[in-house]
Amino acid sequence: MLAAVSTSVYFVVSKPMLTHYRPLEFTTYIIWAGTIPMLIFAPGLAEQLTTAPLSATLAVIYLGSSPRRSPTWPGRTRWPACRPPC
């Protein structure tokens, strides 16, 4: 339920904000607005990283970096978005 409310607030707020800010600026502000509340977990982060299994740490790194890389895969621009019938 919180995710649905958060998404609806995002879309309502984003429309007027994009008239004042460029898309890159707006995206940066939104990312920081989502990151700052997560800093409450920062005090125990160093200890948790040292005690976490290596496989878990690598999985988190992979999940955080793979969405950024996927649009730049070689040949990605040739993949059809949809094959008939859509």
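Worth a mention:
- Long-range neighbours under 6 Å by Cβ, at least six apart or interchain, first residue in a helix (DSSP H, G or I) within region 26-54, second at pLDDT below 90 and not aliphatic (A, V, I, L, M): none
- Of the residues making up region 13-25, those that are exposed (fewer than 10 other Cβ atoms within 10 Å of the Cβ), assigned to a helix (DSSP H, G or I) and not aliphatic (A, V, I, L, M) are LYS15, PRO16, THR19, HIS20, PRO23.
- Among residues of region 26-37 being surrounded by fewer than 10 Cβ atoms within 10 Å (Cβ to Cβ) and among the β-branched types (Val, Ile, Thr), the one that is farthest from GLY64 (Cα to Cα) is ILE36.
- Output for region 46-60, where each listed residue is surrounded by 10 or more Cβ atoms within 10 Å (Cβ to Cβ) and of a type in the set (A, V, I, L, M, F, W, C): LEU49, ALA52, ALA56, LEU58, ALA59, VAL60
The values are calculated or read from the model by the stated rules, or taken from the named source; none is laboratory data. Bear in mind the structure is a predicted one, so any value in this text is a computation, not a measurement. Here Cβ is always computed from backbone atoms with ideal geometry, including for glycine, and neighbour counts include all displayed protein chains.
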